[in-house]
Amino acid sequence: MIKRRLSDALSMLLVSGLSLLLVIYVGFGEAQRTYHQFQVEKLYAQGKILQTAMASYLRAGLPLKQYVGFTTRADTILTSDSSISAMTVFDQGGRRVFTAGDAMMPLLVEAAVGAGQDGGEIDLRQNDRYVQVVLPLRNKFEMVGSLAVTMPQANVTKRLEESFETLLIIAGILSVAFAWFASVVGPRLAGRRLPWLQIVYALTFLAMSGAVVGTLVVVYSEGAQVKTKSLADSLGQRLRDIVDFNINIDEFEGLDQILGEYRRLNPNISAAGLTVNGKVLIHTDPDAVGKPWVTDRHTYEYVINLTRPEPNANEIHVAVALPAQIVYNQVARSVKNFAALFVAAAFLAGLFLQLARSLQWARSPGAVCGAAAPEAELTDFELSLAKSVFFVAVFVEHLTYSFLPQLMQQLATDSGMSAGFASAPFIVYYLCFALTLVPAGHFARQVGPRNLMYVGMMIAAIALLSLAFIQGFSLVVLARAAAGVGQAMLFIGVQCYILAKASPGKRTQGAGLIVIGFQGGMISGMAIGSLLVNYMGPTGVFTLAGTIAIAMTVYTILFIPAVSREAALEYGVGSNLRRIGRDLRYVLQNLEFLRTMFLIGIPTKAVMTGIVIFALPLLLAQQEYAQEDIGQIIMLYAAGVLVASTYVSRLVDRIGRTDNILFWGSVISGLGLLLIGVSGWAPIGRWPNGEILINLTTIVGVILVGVAHGFVNAPVVTRVTESKLAVMIGANSVAATYRFLERVGHVAGPILVGQMFIFAGQSVAVVSWTGVLIVLLGILFILWCTPTQINPTRQEIGHDRNPQVSSH
C-alpha cells in the first residue's frame, strides 16, 4: 500500500510540476519581453537627453568633433542610471568620436527598426551580451553621426531571475501539496459526485497563475516608473537651458509648443507640465494652466527640480505622468495568455492524469501477476495508452501552426518564388497524408498497429527536427511531405489498435477518442506553440516538438501492448480501405451521396485547411496581430468544433433529421467567414472603437466557423450511413468511403486559397467570397437533398463488423 501511494504521489508530482513550470516559463517570457521593452524605451529617453543637447550645436553647422560638454552630460546620466554601460558618439564611418563608460563598446550590427509601446520607431540593435539604442545626429542638411546608448542584457535577466526565484519555490510547494492530496486524500474521495482531483488541480494551477501575475505587476510597475523618470529627465534637459540662462519663463514664447511636440513623440504620456512656485505655467491640458499641479493616483509621476541654486529664485519644476493603465494593459495581456494556457494545460493534465492512473493499474500486483482483470478495466487501460499517443502526435504537429504559414511564405520569397508558393508545404502534407492511408492500412495488417504507430511517430519527429536545421524551401516541402506520411501512419496505427483492442461495446467510444484527441491536441498545441515561439523562436519550437515526438516514440515501444496478427487482420483498417475500393463504383453512382460530399463534406474540410490553418495566420499577421493572439484565435475554432459537436450529436439523435442541421452548418460557416472578411474593411478602422470592433468580428467569425463545423462533422456521417446506399452496401462501408473521399477537401483547401491569393492578393476579401460560396452550396444542398429520417433501432446490415473509419 505504501509503495503504491508513493508511486501515485510521484506521478501526480510530475504532472503538476510540469504544468506549473510551464506557467512560470511563460510568465518569465512575458516579463522578459515587456520589461525589456520598458528598458529599451528608457535607453531611448536617456539618449534623447544628449541628442537634444547636441542638436542646437550641430544645426549651427559646427563640426561634430568639436562639440564640448559631451563627457559632462553623459557622466551625469551614467551616474543617475547605473544600468547603462556606455554612451558613445560615432561618426558616419562608424569611428568613435566621444565615449562615456565602456570605451571599447562597438556600434552593433544594424537590425530591423523596432516599435516602442507608444508606437514610435526605435533603432534597436542587440546581441547575446548587449542591448543598444542608436539615435541619429543631424545638422541642417544631413546625418553626421549617431549616438549609441548601451546596456548589458544581464541587467534585464538578473532582475527577472531575482523575482522568479520565489515562484520556483511556490511551484515546488504547490506540486508537493497536490501530490499529497492525490495520493492520500484523493482515494478517500473517489466515487464522490464532484471530481475533486480535477478541482484541486485547477485550484493549484490558478494559485500558481495568481502568483505569477502578482510578480508581473511588480516588474511591470518598476519598468513603468523607470520609463517615467527617463521621460521626465529628457523633458527637463530640453527646458534646463532656459532656466540656466535666467530667462524670464513668463515671457518666453514657444514652451507650449515644446510640450506639444514632446507629447506627440511620446503619446503614452498622460500629462506633462511646467510649474513655477507651485502653479502650472504650461501644461499639455490647457484647462490645468494657472492651477496647482494635482497628483493623480492612477498615474506614475516623476518631477524634476529645475530651480536655480540662488536665494529667492523661483521654484521651477517639470513633471511627467504616465498612466498606470499601461501596466494594467500588459498584465491583462498576460492574464489572457494564462487563460489560454490554462485550457491547454487542462487537456494535457487530463491526459496525463488518466495515463498515470492507467500505468498505476499496470503496475498493480494483480496486473503484474497476470490475475484476471475485468474486461472494462483492461480496455480502458489500453485505450488510454493509445489516446495519449494520438493526442501527443496532434499536439506536436499543431505546436507550429500559429506561425508555420508566415514562415513558409518568408522562405518562399527568400528563395525567389512567389508568396503564393507558401501553400505548397500544406498541400504536400495533406496529399501525402491521404495517399499514405491505403498502404498504411496494409502495413498495419502485416506488422501490427504498434509498429506502425512508433514508425509513424519517429518519421514525424524527424520531419519536425529537420525544420529546425534546414533553410531551403524545397527541403522544407520534403520535410512536410514526410510529416504527412508519418502522421498518416500513426493515425491508421492508432485507429487499427483501437478497433482491435476495444470490446464490441466500446468501439464507438474508442472511435470518439480520435475526435476528442484531435481537437484537444489542436487546442493545446495552438495555445502553447503560439506562446513559446515568442521566447524560443521557430527553431526552438521545432526542436521541442521533435524532441517530444521522439520521447513519445520510446513510450510507444515500451508501453503500448502488441496486437495479435489475428486481431489486426480481423479489425485492421486495411480491410476497410480494401472495401472502399470495392464499393467506390456504387458510391460514385449515387447522386445523394455525391451531393452530400461535394456540397457539404469537401467544402467543410477545404475551409478548415485552406482558410483556418493556412490563410488565417497569414491574414492575422498581416493585420499585425501578436503571435500568441493568432494561435489563441485559431484555438477558438477548435473549441467551437468540440463544444458544438457534443450538443449537435445529441440534437440529431433526438430529432432524427440531418438535412436542416447540415444546411445551417453551411450557413453559419459562411456567415463566420463573412465576419472575418468584414474585419478587413477599411472604414471600420475609422469608426469610434474601430479596433475593438475589428477584433470582435474576427473572434466571433472564427468561433462561428468552428461551431458550424461542429454542426457538420458528425451529422454528415450519420446522413450517409442512414441513406439507401448504406442499406445496399453497408453503413460502415459508406462511412469509410466518405471519410476517405472527403480528404479531397483537405488537399484542395490550400490549393484553392493559394491560387486566390495569387490572383486577388493576400486579402480578407478572399475569406469573404469563400463565405458567400459556402452559403450558396448550403442552399443548393437543402434544395436538392432528399430528406433522410434516422432510425435509431436499425441494425447494421451485411458483413460490416468494424466501426467507420474515423476522421479529424
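Odds and ends about this structure:
- Among helices (runs of 4 or more DSSP H) entirely within segment 696-808, having at least 1 residues that are over 30 Å from residue 677 (Cβ atoms), at pLDDT 75 or above and open to solvent by 10 Å² or more (accessible area, probe 1.4 Å) singles out 724-729, 731-741.
- Within segment 43-59, not a single residue is closer than 30 Å to residue 334 by Cα and either acidic (Asp, Glu) or touching a Pro at 6+ places or on another chain (Cβ under 8 Å) (or both).
- Options 91, 8, 81; residue that is surrounded by fewer than 23 Cβ atoms within 10 Å (Cβ to Cβ) and under 30 Å from residue 199 (Cα atoms): 8
- Condition met for residue 438 (surrounded by fewer than 21 Cβ atoms within 10 Å (Cβ to Cβ) and on the phi < 0 side of the Ramachandran plot): yes
- Taken as a whole, the condition of being part of a strand (DSSP E or B), closer than 22 Å to residue 237 by Cα and at pLDDT below 90 does not apply to residue 77.
- All positions within segment 126-143 that are assigned to a strand (DSSP E or B), open to solvent by less than 50 Å² (accessible area, probe 1.4 Å) and modelled with pLDDT under 90: none
- Number of the exception - residue 400 against (1) modelled with pLDDT of 80 or more; (2) part of a helix (DSSP H, G or I); (3) open to solvent by less than 40 Å² (accessible area, probe 1.4 Å): (2)
- Qualifying residue in segment 322-330 (condition: surrounded by fewer than 17 Cβ atoms within 10 Å (Cβ to Cβ), at negative phi and of a type in the set (Val, Ile, Thr)): no
- Any hit, segment 32-52, residues being surrounded by fewer than 19 Cβ atoms within 10 Å (Cβ to Cβ) and of a type in the set (Ser, Thr, Tyr): yes
- Scanning segment 615-664 for residues that are among the aromatic types (Phe, Trp, Tyr) and open to solvent by 20 Å² or more (accessible area, probe 1.4 Å) yields 625, 647, 663, 664.
- Scanning segment 441-454 for residues that are of a type in the set (A, V, I, L, M, F, W, C) and surrounded by fewer than 20 Cβ atoms within 10 Å (Cβ to Cβ) gives a single hit, 447.
- Any chance residue 692 is free of Cβ contacts under 8 Å to residues at least 12 places away in the same chain and over 27 Å from the mean Cα position of the chain (by Cα): no
- Long-range neighbours under 9 Å by Cβ, at least six apart or interchain, first residue over 23 Å from residue 187 (Cα atoms) within segment 198-212, second buried (at least 20 other Cβ atoms within 10 Å of the Cβ) and of a type in the set (Asp, Glu): 212/30
- Residues being out of contact with any helix residue (DSSP H, G or I) (no Cβ under 8 Å at 6 or more places or on another chain) and in a strand (DSSP E or B) - total across segment 151-170: 1
- Screening residue 603 against (1) modelled with pLDDT under 90; (2) touching a helix residue (DSSP H, G or I) at 6+ places or on another chain (Cβ under 7 Å); (3) in a helix (DSSP H, G or I); (4) open to solvent by 10 Å² or more (accessible area, probe 1.4 Å) leaves a single unmet condition, (1).
- Among the residues of segment 33-74, those identified as in a loop (DSSP other than H, G, I, E, B) and either aliphatic (A, V, I, L, M) or touching a residue at least 60 places away in the same chain (Cβ under 8 Å) (or both) are 60, 61, 62, 68.
- When the test is whether a residue is assigned to a helix (DSSP H, G or I), modelled with pLDDT of 85 or more, within 24 Å of residue 103 (Cβ to Cβ) and under 30 Å from the mean Cα position of the chain (by Cα), residue 23 does not pass it.
- Every condition in (1) over 28 Å from residue 628 (Cβ atoms); (2) touching a Leu at 6+ places or on another chain (Cβ under 7 Å); (3) at pLDDT 80 or above is met by residue 277 except one, and the failing one is (2).
- Residue within segment 625-642 that is under 25 Å from residue 697 (Cβ atoms), in contact (Cβ under 8 Å) with a residue 40 or more places away in the chain, part of a helix (DSSP H, G or I) and more than 23 Å from the chain's Cα centre (by Cα) present: no
- Yes/no for residue 359 being open to solvent by less than 40 Å² (accessible area, probe 1.4 Å) and modelled with pLDDT under 75: yes
- The residue list 548, 516, 528, 523 contains one member that is closer than 21 Å to residue 459 by Cα, modelled with pLDDT of 60 or more and in a helix (DSSP H, G or I), which is 548.
- Across segment 331-356, the qualifying residues are those that are open to solvent by 40 Å² or more (accessible area, probe 1.4 Å) and of a type in the set (Phe, Trp, Tyr), and the one among them that is modelled with the lowest pLDDT is 352.
- Neighbours by Cβ (under 8 Å, 6+ apart or cross-chain): first from segment 441-467, at positive phi; second part of a helix (DSSP H, G or I): 448/565; 448/568
The values are calculated or read from the model by the stated rules, or taken from the named source; none is laboratory data. Remember, it's a predicted structure, so these values are computed and weren't measured experimentally. FYI the Cβ positions are ideal-geometry reconstructions off the backbone, even for glycines, and counts take in every protein chain you see. The accessibility values were calculated without ligands, DNA or RNA, using every heavy atom of the protein model including side chains. Shrake-Rupley method; radii C 1.70, N 1.55, O 1.52, S 1.80 Å.
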